[in-house]
Structures are given as C-alpha cells and as structure tokens.
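As structure tokens, the structure follows; a few thoughts come after it.
The values are calculated or read from the model by the stated rules, or taken from the named source; none is laboratory data. Remember, predicted model here, so these are calculated numbers, not experimental data. Positions of Cβ are backbone-derived with ideal geometry, glycine not excepted, and every protein chain shown enters the neighbour counts.
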Amino acid sequence: MVLARGQVRLRQTQPRLEPRTWPWRKQPCCELPETAAALTAHLTDAADARDPADTAETLELFTAKNLPDELTVRTWRAGDRLVPFGRKTPKKLQDLFTDAHIPQEHRSRFPVILAGDTIVWVPGLRRAEFARVRKDSDDPVAALRYTPTAAPPESV
C-alpha cells in the first residue's frame, strides 16, 4: 500500500522489461511483451519519415550513420542520465519522470533505448540530443517507432 497525496492505494508491481540487444538494421521489429508494446525501425529520409498521426512519444528520428547497428533496450536504472534534446548537460531520468508526474510504480513500463552506453530515447518521456537530424543534411535517417500493442499487463 502507498500513501500519496492524502490517498491510500495498492501498489501494483509491473513486469520488468528484460534487457535485450536489438539489431535494428537486420531485425526491424523488437517486441516488448512485458510492456505490451513494440519498437520498429526503418531507414528513410527526413522529409518522408513523419506521419501526421506521429507524436514525439511514438516516433523519433536519428541520423543513421551515428546510430550503431545494435541498440540495447532495457528498463531504467537509478542514476541513469541523458542529455535532453536541445540541451548540453545531462539530466537524471528520475528527475524527468518526476517532472512528468509519472508515479514510481509506472516507470518500469518505459523502455530505455541505448546506443552503446548512451541513452538515446525513452519513448513517452524524452529523447536525447544524440544523433540529431540536421535540416541541411541529406544523410539517411533512422526512424524509430514505439507502438503500444495492447493495454499493459497488470499484476499485483
């Protein structure tokens, strides 16, 4: 049980996202059954990448040449930091979750995508400055999409 803001509620434990390596160039879909979602990737150019229905929570574009062939997908860990898009200094994920008013028991639902040891995107929370797509560049773009496939599994 949790007491928060004058209310008592039952804390539900969420299934932990098992860490995995995602060779996104060879395997364009990465299923995340623990969170009832999937990640997909494809190469495109910046002009053709966005669909009007896309939001910053569901699609992010990265310069493909700066994105390694394998990404790591895992849950967040205490002390994790990323350099938020448009900034130069890192910020703790814990602070980003707090700023977004995301309760502690829901934070394990958010996949953390890493290039090597660098956090590049937390779908639904924030992307990093890493591999920013420049308007004046003709470099190919990696479009990473996060898609919930159903309601997240609930357990107690």
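Return a yes/no flag: does the range 89-97 have any residue that is in contact with a helix residue (DSSP H, G or I) (Cβ under 7 Å, 6 or more places away or on another chain) and modelled with pLDDT under 95.
Applying the first criterion (in contact with a helix residue (DSSP H, G or I) (Cβ under 7 Å, 6 or more places away or on another chain)) to the range 89-97 yields 97.
Narrowing the set further to residues that are modelled with pLDDT under 95 leaves none.
Within the range 89-97 (the criterion being in contact with a helix residue (DSSP H, G or I) (Cβ under 7 Å, 6 or more places away or on another chain) and modelled with pLDDT under 95), the answer is no, since none of the residues qualifies.
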remark   = Glu60 passes all but one of the listed conditions (1) at pLDDT below 95; (2) among the charged types (D, E, K, R); (3) under 16 Å from the mean Cα position of the chain (by Cα); (4) more than 18 Å from Lys135 (Cβ to Cβ); the exception is number (4)
task = Kindly indicate whether any position in the range 18-33 is over 25 Å from Asp117 (Cα atoms) and modelled with pLDDT of 70 or more.
result = no
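Strands (runs of 3 or more DSSP E) wholly in the range 62-125 with at least 1 residues that are touching a strand residue (DSSP E or B) at 6+ places or on another chain (Cβ under 7 Å) and farther than 30 Å from Thr44 by Cα - which ones? If you could, list the steps in order and put the result at the bottom.
Numbers: elements: 71-74, 112-115, 118-122.
In the range 62-125, there are no strands (runs of 3 or more DSSP E) which contain 1 or more residues that are touching a strand residue (DSSP E or B) at 6+ places or on another chain (Cβ under 7 Å) and farther than 30 Å from Thr44 by Cα.
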task = Identify, from the list Val122, Val112, Val156, Val73, the residue that is at pLDDT 95 or above, more than 20 Å from Pro28 (Cβ to Cβ) and among the β-branched types (Val, Ile, Thr).
result = Val122
